[in-house]
Amino acid sequence: MRKFHDWAAVQQLYDQAFRAEQCREHFGIAYSAWSMAIRRRRLRVKPAPRRRYEWATVQAFYNEGNSFYDCMRRFGFCRASWHKAVKRGEIRPRPLGPPLTELLANSNSNGRTNIKRRLIRAGLLENRCEECGLRDWLGERLTIQLTTSTGSRMTTASRTCECFAPTAIARPTRTADDPSSGAGLHERPGSA
C-alpha cells in the first residue's frame, strides 16, 4: 500500500538542522521516497558537501615514500578519486616496478619478457632482430626474443643484450668464412 508523507513536517524537521538520515528514520521514509520528493520539489535539501582533497598535501605525503594505500588511509579518499586526480594531473604517481638498474642487477629472479619490455620502453633496445632488422612477419608483429651476446644468463650491462627473431636464434652460428655454414641466409633486407 502506498504511504503518504507530510512533506511540510519533514521539511520543518530538516530545517531544524537534522540530517537527512535522521529525518528519514524519524518519519519512516525510504531512501527512494526521499529522493523522489527532492526530484519533485516537495522537499528542499542542501546539496551534500562534496569532499575535496588537498592534492598537493597528498602528493607531498606520497613523495615522502608512502604508498598509494597509505595515502588512501590517511586522507580518506577512494581509488577512483586517486585515479581521477592522476588523470587531471594533480597527482604524479611513481613508476611501477623497480628501477631498470635494479631490475638488471637482480635479473636472475626476473623473466626476460619483463626485462625486454622495460629496455624497449626506456629506448635502450628496439623491438627488431639485431641480425636481419625484421620487425614484422606476414603483416603481424614479430615476437622478438631477448638473449645475451655471450649466450649465458642475463648480465647487468644492457649493451650485452640483443634481440633476435626466433628463427635467428634457432639456427647454429654461421660465419662468412665457412661456406658450408650457409652464411648469408639471414641477411638484412637490401644488403647483398
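The values are calculated or read from the model by the stated rules, or taken from the named source; none is laboratory data. Since the model is a prediction, treat every value here as computed from it, not as a measurement. For neighbour counting, all protein chains shown are included, and Cβ atoms are generated from backbone atoms with ideal geometry for every residue, glycine included.
Here are the numbers for this structure:
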quantity	calculated
Failed condition for T173, given (1) surrounded by fewer than 10 Cβ atoms within 10 Å (Cβ to Cβ); (2) at pLDDT 60 or above	(2)
Test: Q59 is surrounded by 10 or more Cβ atoms within 10 Å (Cβ to Cβ), free of Cβ contacts under 8 Å to residues at least 60 places away in the same chain and within 24 Å of R94 (Cβ to Cβ)	yes
Subset of region 105-127 that is modelled with pLDDT of 75 or more and surrounded by 17 or more Cβ atoms within 10 Å (Cβ to Cβ) - its residue that is farthest from G65 (Cα to Cα)	L125
Any chance E90 is surrounded by fewer than 13 Cβ atoms within 10 Å (Cβ to Cβ) and acidic (D, E)	no
First in region 128-145 and closer than 20 Å to R112 by Cβ, second anywhere and among the β-branched types (V, I, T), Cβ under 8 Å, 6 or more apart	R128/I144; C129/I144; Q145/I169
